[in-house]
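Worksheet for the structure shown next.
The values are calculated or read from the model by the stated rules, or taken from the named source; none is laboratory data. Everything quoted here is computed from the prediction, not taken from an experiment. Cβ: placed from backbone, ideal geometry, glycine included. Neighbour counts: every protein chain shown. Accessible surface areas use protein heavy atoms only, side chains included; no ligands, DNA or RNA. Shrake-Rupley method; radii C 1.70, N 1.55, O 1.52, S 1.80 Å.
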Amino acid sequence: MNVGNPTMNTLFGQLGLPSDEQSIENFIERNQGLADAVRLENAPFWTSAQSAFIQNSLDEDAEWAEVIDQLDSRLR
């Protein structure tokens, strides 16, 4: 899927999550504190499909990888 320049909003939409600013902030607040030893795609709050999308995007260094890295940082 070519989305041009992915943003946090489009990433959340792609993951099937509410993608407005407040919903994103709430998600991050609710799930913040992810241990450094846990890879983002293995976090317990993802569905198997969400986890697979994140893992595939990172493995392939897809257009989503940069914004996924940003989300990872914000969840730590």
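When a/c reaches 1.5 or more, the comparison of a/b and b/c decides; with that in mind, is the stretch 1-42 rounded, prolate or oblate per its Cα gyration tensor?
On the way: a/c = 2.65, a/b = 1.41, b/c = 1.88.
Here the stretch 1-42 falls in the oblate category.
Return the calculated 222 nm mean residue ellipticity for the chain, to the nearest 500 deg cm²/dmol, obtained by summing -39500 (n - 2.57) across DSSP H runs with n ≥ 4 and dividing by the residue count.
On the way: 4 runs with 41 residues, N = 76.
Value at 222 nm, helices only: -16000 deg cm²/dmol.
Per residue, how large is the accessible surface of the chain? Use a 1.4 angstrom probe and give square angstrom. Provide the component values of the computation, followed by the final result.
Working: 4550 Å² over 76 residues.
Counting only protein heavy atoms, the per-residue value for the chain is 60 Å².
Put +1 on the Cβ of each Lys and Arg and -1 on the Cβ of each Asp and Glu in the stretch 9-76; which of L11, Q55, A43 then has its Cα farthest toward the positive end of the dipole?
Ranked along the dipole, the leading option is A43.
For the chain, with only Lys/Arg (+1) and Asp/Glu (-1) charged at the beta-carbon, what is the dipole magnitude about the Cα centre, in debye rounded to 20? Write down the numbers at each step before the final one.
Numbers: 4 positive and 13 negative charges, 55 e Å.
Computed charge dipole of the chain: roughly 260 debye.
Whenever you get a sec, compute what percent of the accessible area on the chain sits on carbon and sulfur atoms (1.4 Å probe). Could you put the intermediate results ahead of the total?
Working: 2030 of 4550 Å².
Of all accessible area on the chain, carbon and sulfur atoms account for 45 percent.
Quick check: from the Cα gyration tensor, does the chain come out rounded (a/c under 1.5), prolate or oblate?
Judged from the Cα gyration tensor, the chain comes out oblate (a/c at least 1.5, b/c at or above a/b).
If you average the sequence gap of Cα pairs under 8 Å that are 6 or more apart and divide by the length of the chain, what percent do you get for the contact order? Walk me through the numbers before you get to the answer.
Numbers: 56 pairs, mean separation 28.6, N = 76.
Averaging sequence separation for qualifying contacts and normalising by length gives 38 percent for the chain.
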